[in-house]
Each structure stands twice: as C-alpha cells, then as structure tokens.
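See below for the structure under consideration.
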There are 2 protein chains.
Amino acid sequence: MKSVDEPRLREIVGEKNIKTDPSDLYIYGSDSSVHHAIPWVIVRPDNTLQIQKIMEYANQDKIPVIARGGGSGMCGQTVPVQGGIIMDMKGMNRILEINMPDVYCRVEPGVVDDDLNLALKPHGVFFPPTPASSRIATIGGEIANNASGVRSVKYGATRDAVLGMKVVLPSGELVTLGACTRVEASGYQMHKLMVGSEGTLGIVVEATLSFVPIPEFRCMGVANFDSLAHAGEAIGAIMSSGAIPSMLELVDSVAIKAVNKTMNLGLKEVAASLIFEADGMVKEAVDYEIQKMKKICEKHKGADIWASYDPKERAKIFMGRKKLFPALSKYDDSLASTSLADDMAVPYSKMAEMAGKIHEVAAKNNIIMTAYGHCGSGCMHTKILMDTKRKDQWQSARKAITEIYEYVRSVNGTTSAEHGIGLSKAESFKAEKSDSLNLLKTIKKALDPNNILNPGKLMQAPDDWVTSSDLRYSVNS
Amino acid sequence: MKSVDEPRLREIVGEKNIKTDPSDLYIYGSDSSVHHAIPWVIVRPDNTLQIQKIMEYANQDKIPVIARGGGSGMCGQTVPVQGGIIMDMKGMNRILEINMPDVYCRVEPGVVDDDLNLALKPHGVFFPPTPASSRIATIGGEIANNASGVRSVKYGATRDAVLGMKVVLPSGELVTLGACTRVEASGYQMHKLMVGSEGTLGIVVEATLSFVPIPEFRCMGVANFDSLAHAGEAIGAIMSSGAIPSMLELVDSVAIKAVNKTMNLGLKEVAASLIFEADGMVKEAVDYEIQKMKKICEKHKGADIWASYDPKERAKIFMGRKKLFPALSKYDDSLASTSLADDMAVPYSKMAEMAGKIHEVAAKNNIIMTAYGHCGSGCMHTKILMDTKRKDQWQSARKAITEIYEYVRSVNGTTSAEHGIGLSKAESFKAEKSDSLNLLKTIKKALDPNNILNPGKLMQAPDDWVTSSDLRYSVNS
C-alpha cells in the first residue's frame, strides 16, 4: 500500500477534517452497494481551494481520490477499490444563491437533495430529479450518477436540470463549464459530459441548476391487472398516447406480496398494479391526463381503477410502492436485498416482457427477484433477495444478472437508468458500450492522465466484481 | 495546397457523388455567415460505410473534413478555412424509424427539420427544437450546433431531444452513444458532448430523437411597451412567476421600424413589443398561462394587450416577428444584414439592459443594430446592418461586437444561445471559456489527434477572423 502524506493533508483541510481511525476508514469503505474496500484516509474539505490543493498533491503523488456524497450509491461508486483518499463532500453544503428572476440556483455539491427542495419551497419551485434517497443523497452524487426518480417521466433526469458547474480537474485546475441560461450553444457541452461520469473526470465543486414550479394540483390513480402483459400494454399505450404523466409506476406480484408480508397492508394480490399521477397548475388539465390514463388502463383490462386528488388517498395508493424497498429488506431475516442489477431501462414496449424475464430468471436460479419501476421513463427496478453468506447464492445471482442484462441489451435497453454503473454493473456496461469503450477510455485518459480519480470504476472495473474482489458480507466457502 | 486523392474518393462515393467544378467549390465555400473559403473537393456519401472509408483515408493523409448540412449556419461553421473535403450530408436523409410505442425516432443526419416534422405530424407529435431555418436546416446541423428556436423556452434545445446517436470517429470507427430510453445513467453521456461540437469531434451518421405531442390549443398574445426597461421587467416577472410560455419574444423599436419600412405592415412604433404564447391539450390550462402573462404585462405598464386562439389572428400578431429577418435584409439596398454577433444569451433580468446596450453600442459605432429574441430562453438576437464594401464599417462592426460581448460576459451571459460559435464568435467564446480552454483543446486532441475534423473552428479559430481572413464580400480598402 502506498503511503499518504497525512501532515500535508492535515495542513490543507485542518485537524478536524481528516480521519484515519480504523473504524472511520471501515465505515467509509462501504456505500449502499455490496462492495467494500478500505480507504487510506478521509478528508472533508470546506472550500474549493482546499480541493484544488488536495488534487495537486494527489496528482503529483498519484494517489487515488474518490469524492463521496451521501454514500447512497447502489453500485460501489464510492468504494475505494484501489485505496486512496475519500473526499467527503458533505463539508461543502452551502446553497449559494436562489435566483428567482433568472430561474436558477447555485449550490455546493454536498447539499442534500431534500435540503435544497426545502429551501426552494417558499419560492414555489422545486428541483425535480429527486431520487428515492433524497433524504441523504447529495446534489454532487446526483450529478455524478445522473440520478433521477419517480417524476423523471415528466421532469427529466439530473442531466436535464444542470445548466453549468465549476469543476476541479485532477491537476487542481478550476474550470467553469456551461452557463446559467436556459439555452446555450457555446461549444462543447462539457457540463453534460461531467453528469454521469461518477467522479472519474473531475470534482464538481459548484452546480448551477434549473428548477420548476411546484404544481397546484396533483392527482394519483391506480389500476390492477391480472397479467403483466396487460399492464405492459397499458404502459406502452399511455406513453404513446401523448399523455404526460408526472409518475407512472409498475409494481409486480412479488413486490405486492413482499409488502403484504412485511407491512400487513392488505394490498390486493394481483399480477401487477400501475400507479399513475398527473400534476399541473390547472385542475382541468390534470383531470384530462388522469381520464386519459384511466381509459387506457380500462381498455387494457385494468380493474379496480380509481384516482384521487386527496393527499391522504394519494398516500394510501402510493404506500405499497413507497414501502417496497424497506419491505424487501425485511422480507426474510436470512435474506439481504442486494442491488446487483437494479435499474435497467428498456423501451416502453418491453416493460412487461422485462418484468416477466426477471420472474423467469429468478425462478430458474432459485433466488427471489421482484420487478417494479418508473415505467414512464423506461426504468425497471429489481432487487435480488439472497442469503449473502452462501457462496452458491452469489453464484446464482451472478448467473441471473448476466441473463437479465443480456435480455436488456437484446431489446435495446441500457444497463442503468438512474443509479449508475460503479462496480456492480461494469460487465453489462462494457458489453453494452463495447463499440465505444475505447472512446470512453480515451476521454478518461485525456482528462485524468494519472488515473487518480475514482480508479477501477466504469470501463476500468473488472467484469466479475462480485467474486473477484471484496464484498461487505462474509461469505462462507 | 495539399492534393486530395480524387480517384480514391470517387471509388468510395461513386462518380455522381463527387464535385470538383470550380463553381461548385465556390458555392460550397460559403454558409449563411460572412465567411468564405474554397474546399478542395465535395463528396456526398450515401451511407455510413462510405463515411467510414472517407474518414479512414482523410485521417491517414491528414486531410480536413467538414460535414455540412443545409448550409444555414450563421457563423462559418462549415466554411473550410483550411481547405479539404466538404462532406455534404444531404445524401443521408432517410427517416429510419418512427417508433410510437417507444416514443423515439431514428433519423439520418441529412434529414431536413421540416421534413421530419411533416413525417411526425400524422402521429400527432413533433420534434421541438426547430430553428427559424427549419425549411433547410438538417438534424445533423442542429445537433452540431445545439440549435433551438422560438419554443425552446418550453421544449428545450436539440441537446434535450437527443437520446442517442451513431458517430463515425476521425479514425473511421463507428461508435454508438447514448440509448433510446427517456433516462439513462450508463456512464459518460458522450452523445450530449457531441451536441454542440460543430463537427470537430465526430460525424453523426444516425440520431435517436425524442418527440412530444402536438398541442390541441395554442394562444398567442402581444403587449406593447413604452420603454425597453418595462418590457424587460415583464420578461423577468413572467419567467419567475412559474408561467410556462411556449414562446416569449421581444421585438425592439428598431426591428419594428425595419418591418414597417420594408413590409408596410403598419405596426405601432413603440419602444418594444412582447409576443407571448401558451399551448397545451386543455383550453383551461392555456387560458391560465395566457391570463397570467397578460396580467404581468399589465402590471409592468404593457399596453394594447390582446391575445387570440384564432390561427389568422395569431399569424397577424407574429407577422412582424416572422418578417423581421427578411425585413432587415431589405432595410437598405446598400446595407447587408450580417450575423457577426447574433444570438447571445443573458439571464432574464438582463434582457432589457442587453437590448439597451445593443442600441447604445450601435449608435456609438455608427451602424444599425436591432434587438429581438427568444426572451423566454434567455436568447437575444441582433443583426448588424452595414455596407459590407466599406472597410471602416467592418472595423466599426468589430468594435461594436467586442463591446457587446464584453457586456454579455459581464452579466454572466454566454456567447451563443442557439447558432453556435464557428469562426465569427471565436473571440468572445475563447474569452468566455478562458479557464476551460485547455480542457476543450484536450478533448479535441484526444478525439481527433490529427486535427482533421473541421479544423480552425471554436478554440482553434483566430480571435479576429473578420479582418484576418477571407470574407464572402469584396471590401474596398
């Protein structure tokens, strides 16, 4: 292991912003993925100049630097597989400007999504990419992973809301990318390249973000289906009808059962449910969208269809979906819910088939998998429930994942819709991007010639990370 | 001048798809800018394989290659300043797929914008970036320049509508970038980097585009103002009110006079007019937006305010704005309308001040300039009317442009909103991007090591292109 110049780092960030205690190093070695690796040191810079100095040092000494936000990444994005410095960005959590006349805000990367939305709320606007982890996810992390969530069908992903940014390059240079205007055609859209680059090209130290008005009216509806195929047809029909849902979620039978089992919600155990929502400033317009979606669900054999503007009723409809993630974790004490293949995107017309494929693959490999997701944006979620102590379950999971991603690619889908690639999804990512892999490596090499920024991820990650390197679980042989 | 291997090119594209006649070379030496330079040869490939072969040859022999669409670029983007091959992309103009269930289409780069929209119309959808030149502008050119138009305030720019693409790299390699789903978080968003790169990083040979429903209702309104400041305040107030205009256009007094003078439209000669529009599927929602904008205009001393859903009335309201570009060309027989500084973007709160600055600078430099633009997206347009034979007018124009762009940068604006940089705007572009210029050059060098793709543009263009190189006008000394 290379040694790190602690006194130098201490001088840059100050005594209280550096951690080398083994327990801290252990904790910072995990994110929300299955992976684990111990960093050499944790620094928590307070300002851009400190970051520039850290990068200058790291670049000179070729020390890996991994920027980390809320640690909510699902695929090992911030796990320091080659050791090095974990740069905890949560010390930089200032909202620098909320500029209402010019319709943008400027924030530091450590700002938590919910905190930004809390600050925007009195102005009647919100920052829409909001992933499910918004209570802890930082704007920097959302940028790094091009995060999005349930409302991306209407409002887009993080890449769509980023107007510009300031970035510290591996050399320590500070650059300004993009602009603060709605449109911009001034050469290379470098800020859009930074979105989704998972901390491998630069450290975002400030972001200029757009926001949108909080709608006055919100109506949510639900429809049950006796087959996945019918639910899938309804999804395709809604999306091609010109309807503009603000949310369109699929929940499959496994998911419904999981919620009933662990939460006792008494949901009707059907093959699939669709939850749909519309929002807007004018009730008639929201009605129009809701009626359109209800009719399409009816046409495709949806049953028990109802919708409501009432916040309590809406909460009831969404409860099953909302509780799904914790429900899966509690499903069985001996099983852990892992995010090994958790957010693929496929064309709308393949949504139902994708869900069916997940069921088929799970059954074949003797693991439990569920299918749910933000169908309106093409995103399908799944979790693998397995006994992480059993080596054979990891092997089954590996096989299942490979099959599932092969299907995703065969229908022109993409490996990740909103969680990123990190380590967990490198195999499928590299297969999907096989013809542009050299190009991606060229970009990485050009911008980070010493390969110090989050090395070993994306193109550099091994195909079989699950069995070829450290896991946060102790697996019996 | 380097020689080009004509027989080899002839073999690749076929006899009828190569041009070397001096008159052809002359014509292809211009676009819609003030610049001119003679290419060595024009090829019109018919398919991707031909483009790959051309690039392989050009890369090996280090011959410049300039992809060209409709030739509607305003800043010299396709003018071959270092000679070489003009690659006319209009031979590749097939609409490959309109996939309604999955809400995307795939097109070749030579497809004309209006032709795409004509093909989409029967499906009830449209491709929204549409610049004013949509009758001739190609999708490839729109991607190269991140084009947008009057409706970008609501629907965004080309970058927002591009889901994925196939690109031939300088080496001749074919790569697939992006995806065909609404969201994607699979690593570097390379397709977003290609948008706006002005043919300097790769040749787009296929694009996957999203589209949106054609609204059922459209209402347009107008308000006159006795001062630019009041019109500017109204713009800021509209944009920060949460209103969602589908268009918000400013037309200043010079523009109104120009239209009246040349078209005899009898427009009221006020300091400024705002044209606003809302669209949607539900009349009540469109009403809501229009009422909101009308009230804001009233509050900011707008007069003669009216709005209409009637297509004829709407056409009447928009007539002045629509005829502006030709009106400026006809303003005075001895004056040409030039696009030397024509599409800057500034924050909404600076719109009126920007228009005032244009007037001030024009008066000081004894040239005629007008201010109009897509205020809803921050885009301000101006044209410089001048006697292109007079060297002193070019010098005045140069001075005026420098002053205007200095102002744009001083208020956090950006050099180009929708037309791109090319040659004309290189000076301001380089000043604006000064801290990231090395990064941009690094990207260019990494992707095009032999510098064959559209060399001499963007970062490589001289600061003072107007006087340091060829113009399409004969200037008396």
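The values are calculated or read from the model by the stated rules, or taken from the named source; none is laboratory data. Source: prediction; values computed, not measured. Methodologically, a virtual Cβ is constructed for each residue, glycine included, from the backbone with ideal geometry; neighbour enumeration extends over all protein chains shown. Ligands, DNA and RNA are excluded from the accessible area calculation, which covers all protein heavy atoms including side chains. Shrake-Rupley method; radii C 1.70, N 1.55, O 1.52, S 1.80 Å.
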Exercise for review: Determine whether A:Lys389 is basic (Lys, Arg) and either touching a helix residue (DSSP H, G or I) at 6+ places or on another chain (Cβ under 6 Å) or farther than 24 Å from A:Gly236 by Cβ (or both).
Suggested key: yes
Study note, to complete from the structure: Checked the range B:419-441 for anything farther than 20 Å from A:Leu174 by Cα, open to solvent by 10 Å² or more (accessible area, probe 1.4 Å) and among the charged types (D, E, K, R); matches are B:Glu427
Check your understanding: Within the range B:207-230, restricting attention to residues that are over 22 Å from B:Ala157 (Cβ atoms) and small (Gly, Ala, Ser), which residue is nearest to the other protein chains (Cβ to nearest Cβ)?
Key -> B:Ala229
Check your understanding: Has the range A:43-66 got at least one residue that is within 29 Å of A:Ser416 (Cα to Cα), among the small types (Gly, Ala, Ser) and away from chain B (no Cβ under 14 Å)?
Key -> no
Practice item. Kindly check whether there is at least one residue in the range B:88-95 that is away from chain A (no Cβ under 14 Å), in a helix (DSSP H, G or I) and free of Cβ contacts under 8 Å to residues at least 40 places away in the same chain. Key: no
Review point. Hey, any hits in the range A:52-63 for a residue that's in contact with a strand residue (DSSP E or B) (Cβ under 8 Å, 6 or more places away or on another chain) and of a type in the set (Lys, Arg)?
Key: no
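When the range B:173-196 is examined, which residues are found to be in a loop (DSSP other than H, G, I, E, B) and in contact with a His (Cβ under 7 Å, 6 or more places away or on another chain)? Before you say what the answer is, go through the steps one by one.
Start the filter on the range B:173-196 by keeping residues that are in a loop (DSSP other than H, G, I, E, B), which leaves B:173, B:179-189, B:195-196.
Within the range B:173-196, just B:Ala185 meets the criteria.
Take B:Val41 and decide whether it is buried (at least 20 other Cβ atoms within 10 Å of the Cβ) and over 26 Å from B:Cys180 (Cα atoms).
Values: buried (at least 20 other Cβ atoms within 10 Å of the Cβ): yes; over 26 Å from B:Cys180 (Cα atoms): yes.
When the stated conditions are applied, B:Val41 passes them.
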Exercise for review: Report whether or not B:Ala431 is within 13 Å of chain A (Cβ to nearest Cβ), in contact with a Leu (Cβ under 9 Å, 6 or more places away or on another chain) and over 20 Å from B:Ala336 (Cβ atoms).
Suggested key: no
Revision key, fill the gap. Of (1) open to solvent by less than 30 Å² (accessible area, probe 1.4 Å); (2) outside any strand (DSSP E or B), B:Glu313 satisfies every one except (1)
Practice item. Collect the residues in the range B:134-188 that are open to solvent by less than 10 Å² (accessible area, probe 1.4 Å), in contact with a strand residue (DSSP E or B) (Cβ under 8 Å, 6 or more places away or on another chain), more than 27 Å from A:His374 (Cα to Cα) and touching a residue at least 60 places away in the same chain (Cβ under 8 Å), keeping them in residue-number order. Key: B:Ala137, B:Thr138, B:Ile139, B:Ile143, B:Ser148, B:Gly149, B:Val168, B:Pro170
Point to revise | Members of the range B:271-304 that are open to solvent by less than 40 Å² (accessible area, probe 1.4 Å), in contact with a Lys or Arg (Cβ under 9 Å, 6 or more places away or on another chain) and assigned to a strand (DSSP E or B) | key: B:Ser273, B:Ile275, B:Phe276, B:Glu277, B:Ala278, B:Asp279, B:Gly280
Check your understanding: Of (1) among the aromatic types (Phe, Trp, Tyr); (2) more than 10 Å from chain B (Cβ to nearest Cβ); (3) surrounded by 20 or more Cβ atoms within 10 Å (Cβ to Cβ), A:Tyr473 satisfies all except one. Which?
Key -> (3)
Revision key, fill the gap. In the range B:231-245, anything more than 9 Å from chain A (Cβ to nearest Cβ) and not hydrophobic (A, V, I, L, M, F, W, C) is listed as B:Gly232, B:Glu233, B:Pro245
Revision key, fill the gap. Restricting the range A:396-418 to residues that are acidic (Asp, Glu) and over 20 Å from A:His35 (Cβ atoms), the one most open to solvent (accessible area, probe 1.4 Å) turns out to be A:Glu406
**Study point:** Residues (free of Cβ contacts under 8 Å to residues at least 60 places away in the same chain and within 14 Å of another protein chain (Cβ to nearest Cβ)) located in the range B:326-382
**Key:** B:Met354, B:Gly378, B:His381
Check your understanding: Within the range A:100-122, restricting attention to residues that are within 14 Å of chain B (Cβ to nearest Cβ) and free of Cβ contacts under 8 Å to residues at least 60 places away in the same chain, which residue is farthest from the chain's Cα centre (by Cα)?
Key -> A:Pro101
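Does A:Val34 count as modelled with pLDDT under 95 and open to solvent by less than 20 Å² (accessible area, probe 1.4 Å)? Even if it seems obvious, please write down each step before you answer.
Numbers: modelled with pLDDT under 95: yes; open to solvent by less than 20 Å² (accessible area, probe 1.4 Å): yes.
For A:Val34, the condition - modelled with pLDDT under 95 and open to solvent by less than 20 Å² (accessible area, probe 1.4 Å) - is met.
Just to be sure before I move on: is A:Ile98 touching a Leu at 6+ places or on another chain (Cβ under 7 Å) and either open to solvent by less than 30 Å² (accessible area, probe 1.4 Å) or outside any helix (DSSP H, G or I) (or both) in the structure I sent? It would help to see each step written out before you state the result.
Numbers: touching a Leu at 6+ places or on another chain (Cβ under 7 Å): yes; either open to solvent by less than 30 Å² (accessible area, probe 1.4 Å) or outside any helix (DSSP H, G or I) (or both): yes.
It is true that A:Ile98 is touching a Leu at 6+ places or on another chain (Cβ under 7 Å) and either open to solvent by less than 30 Å² (accessible area, probe 1.4 Å) or outside any helix (DSSP H, G or I) (or both).
Look at B:Leu458 and say whether it is among the aliphatic types (A, V, I, L, M) and open to solvent by 10 Å² or more (accessible area, probe 1.4 Å).
Working: among the aliphatic types (A, V, I, L, M): yes; open to solvent by 10 Å² or more (accessible area, probe 1.4 Å): no.
For B:Leu458, the condition - among the aliphatic types (A, V, I, L, M) and open to solvent by 10 Å² or more (accessible area, probe 1.4 Å) - is not met.
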Check your understanding: Do you know which residues across the range A:221-263 are of a type in the set (D, E, K, R), open to solvent by 10 Å² or more (accessible area, probe 1.4 Å) and not in a helix (DSSP H, G or I)?
Key -> A:Asp226
Practice item. Could you check, for the range A:126-140, whether at least one of its residues is under 17 Å from B:Ala185 (Cβ atoms) and in contact with a His (Cβ under 9 Å, 6 or more places away or on another chain)? Key: yes
Review point. How many residues, within the range B:182-206, are β-branched (Val, Ile, Thr), more than 17 Å from the chain's Cα centre (by Cα) and within 8 Å of another protein chain (Cβ to nearest Cβ)?
Key: 1
**Study point:** Condition broken by A:Met220, with the remaining ones in (1) at positive phi; (2) touching a Lys or Arg at 6+ places or on another chain (Cβ under 6 Å) satisfied
**Key:** (1)
Practice item. Mind listing whichever residues of the range B:9-26 are β-branched (Val, Ile, Thr) and surrounded by 17 or more Cβ atoms within 10 Å (Cβ to Cβ)? Key: B:Ile12, B:Val13, B:Ile18
Point to revise | Test: residue in the range B:153-172 that is closer than 20 Å to B:Cys105 by Cα, in a loop (DSSP other than H, G, I, E, B) and either more than 10 Å from every other protein chain (Cβ to nearest Cβ) or polar (S, T, N, Q) (or both) | key: no
